[in-house]
Amino acid sequence: MTLLLQILLTFGILSLVAVGGANAVLPEMHRQLVELRGWLDDATFAQLYALAQAAPGPNILVASVMGWRIGSWGGMAMATLGMLLPAAVLAWGVAGLTHRLRGAPWLKPAQGGLVPVAVGLLLAAGLVMAEASSQFGLLPLVIVVISTVFVWRTSYSPLWVLAGGGVLGLLLLR
């Protein structure tokens, strides 16, 4: 199987479990790309994730950037297509089914049950990213806690956290 087809299939499968967006599957993306396939190492994975988050646009950029690093322009196209197409087809089908079943008494609780799944997946993503940047010890965890409290308890834009993270990154990686 060619590399581009492997990238398409890997990201296509990831897209089907991305409840909560691309960031929700970061732990599995890390497992697939770093641990199982060896396409990336921990540091590169963390750097590409940071690059994708710093760029304006949707969270799906993380897949595109990683696909580009693995397989150049073709890898970027396959990773992006893999993350978008299967999820879009599934969402289209579920939307039609949800519309037909809109009066069913079990539908609202089933939809509400997906919220903790998405929160758990996002929490796992944060833990995997902290572990991938473990070369800095507990510092990433401290930064995450301070950033979370800052965004939660102040009225300042989260962009200040992003800017502060950029400056801190420049200082730490000199």
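The values are calculated or read from the model by the stated rules, or taken from the named source; none is laboratory data. Please read all numbers here as calculations on a predicted model, not as lab measurements. All Cβ positions, glycine included, derive from the backbone under ideal geometry; neighbour counts span all protein chains shown.
Would you please name the residue that is surrounded by the fewest Cβ atoms within 10 Å (Cβ to Cβ), looking only at residues in the stretch 108-165 that are of a type in the set (Phe, Trp, Tyr) and modelled with pLDDT of 75 or more?
This residue is Trp152.
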**Message:** So, in the stretch 78-89, exactly how many residues are under 18 Å from Asn59 (Cβ atoms) and without any contact (Cβ under 8 Å) to a residue 12 or more places away in the chain?
**Reply:** 1
